[in-house]
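The values are calculated or read from the model by the stated rules, or taken from the named source; none is laboratory data. Remember, it's a predicted structure, so these values are computed and weren't measured experimentally. So basically every Cβ, Gly included, is an ideal-geometry build from the backbone, and we count neighbours across all protein chains shown. Ligands, DNA and RNA are stripped out before the accessible areas are found, and what is left, the full protein with its side chains, is counted by its heavy atoms. Shrake-Rupley method; radii C 1.70, N 1.55, O 1.52, S 1.80 Å.
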Amino acid sequence: MTFVAIGDNCLDVYIRTDQTFVGGNALNVAVNWARAGRGARYIGAVGDDPAAALVVSALEGQGIASSDVTTLAGRTGVTLVELNDTDRRFVHEEFGVGANWVPTQLQLNELTDADWVHLAGITRSGGIVEEVKRRGARVSVDLSTQADLAGLHGVDVCFASAPDSLDAAETLGRRIRAAGARTALVTAGAAGSVAVDAEGSRRQAAQPVAVLDTCGAGDSYIAATIGALADGRDLGDAMRVGTRAAATTCTHAAGFPQMPTRTLPWMIDTYYGYADATAEAHDRRTPEHTTS
């Protein structure tokens, strides 16, 4: 089976630890599929800056071809991450060239052999869901924490996240179903996850684990749940598989195991200059962050 993730990528710059990892919702899902031994493709865009090489290298290092990655003039996306104890906080997100990027018609035409296509961090305007469905693939969408419920008609599974409350997750799941998705799967952090489909709702508790970093746990949940559903497992079983995968991701830094890159001076000069929202984080940098 062939699994395709379309959408965002970024550098996760950890502002207190002088470490940079490759991530992004769609990219993390594709990498998790590849690490599970599934045929995985990633389609997305990077800038024409030094960060792009880190993204491409990470993909290829995980066995995913970079031929589906488009290079555009501008900056690669970045997320400034502050790790407080074991929980991560996004200080600033800059989507770079991926903010308005959509796959070309040629790229969509090449999806005829895809069994499952996952969309994350990408606009659904223009009928991309319908385009993919016409080619015979099952389609999932990741809303992340966004409240945009447009363009969900015909989506097989819609993933979202809610505050640490299963009640709030179920409420959001019902809204997603009303917007046209067949199944809603909403994660709620340490509280667990909720599924809402035509048969009603069901809840899955989170798996207790010694947490190092929660970054990317939701993406691991998505990848593993999709894989289980594609294998023919029922929804409840798929949720348990996803929960175990998310727990595992919480035991290591970043969305998948990788060697970090030191946060180099060009990263600091570029990324800390994005917006006033980063000023406070810039002032809190530890001494090693200020070395040149």
request  = Among residues belonging to the range 72-96 that are in contact with a helix residue (DSSP H, G or I) (Cβ under 9 Å, 6 or more places away or on another chain) and aliphatic (A, V, I, L, M), point out the one that is farthest from residue 156 (Cα to Cα).
outcome  = 73
ask   = Is at least one residue of the range 42-62 surrounded by fewer than 23 Cβ atoms within 10 Å (Cβ to Cβ), assigned to a strand (DSSP E or B) and out of contact with any strand residue (DSSP E or B) (no Cβ under 6 Å at 6 or more places or on another chain)?
value = no
remark   = Pairing a residue in the range 37-64 that is in contact (Cβ under 8 Å) with a residue 60 or more places away in the chain with any residue that is open to solvent by less than 60 Å² (accessible area, probe 1.4 Å) and among the aromatic types (Phe, Trp, Tyr), where Cβ atoms lie under 7 Å and the two sit 6 or more apart in sequence or on different chains, gives 38/3
ask   = Hey, among the residues in the range 105-148 that are closer than 30 Å to residue 189 by Cα, in contact with a helix residue (DSSP H, G or I) (Cβ under 7 Å, 6 or more places away or on another chain) and surrounded by fewer than 22 Cβ atoms within 10 Å (Cβ to Cβ), which one's modelled with the lowest pLDDT?
value = 144
ask   = Does any residue in the range 159-185 that is over 13 Å from residue 147 (Cα atoms) come within less than 7 Å, Cβ to Cβ, of a residue that is of a type in the set (Phe, Trp, Tyr) six or more places away or on a different chain, and which pairs are these?
value = 185/159
request  = Working carefully through the options 198, 206, find the one that is open to solvent by 30 Å² or more (accessible area, probe 1.4 Å), within 21 Å of residue 255 (Cα to Cα) and modelled with pLDDT of 95 or more.
outcome  = 206
task = Could you list, in sequence order, all residues of the range 215-234 that are crowded, with 19+ Cβ neighbours inside 10 Å, outside any loop (DSSP other than H, G, I, E, B) and out of contact with any helix residue (DSSP H, G or I) (no Cβ under 6 Å at 6 or more places or on another chain)?
result = 218, 226, 227
query = Taking into account only those residues within the range 65-84 that are closer than 18 Å to residue 254 by Cα and in contact with a Phe, Trp or Tyr (Cβ under 9 Å, 6 or more places away or on another chain), which is modelled with the lowest pLDDT?
reply = 83
ask   = If you take the residues in the range 59-106 that are over 15 Å from the mean Cα position of the chain (by Cα) and small (Gly, Ala, Ser), which one is nearest to residue 258 (Cα to Cα)?
value = 61
message = Exactly one of these conditions fails for residue 87: (1) open to solvent by 20 Å² or more (accessible area, probe 1.4 Å); (2) modelled with pLDDT under 90; (3) in contact with a strand residue (DSSP E or B) (Cβ under 7 Å, 6 or more places away or on another chain). Give me its number.
response = (3)
inquiry  = Return the pair list, or none, for Cβ contacts closer than 9 Å from residues in the range 4-26 that are farther than 16 Å from residue 89 by Cα to residues that are surrounded by fewer than 24 Cβ atoms within 10 Å (Cβ to Cβ) and of a type in the set (Ser, Thr, Tyr), at least 6 apart or on different chains.
reply    = 22/57; 22/261
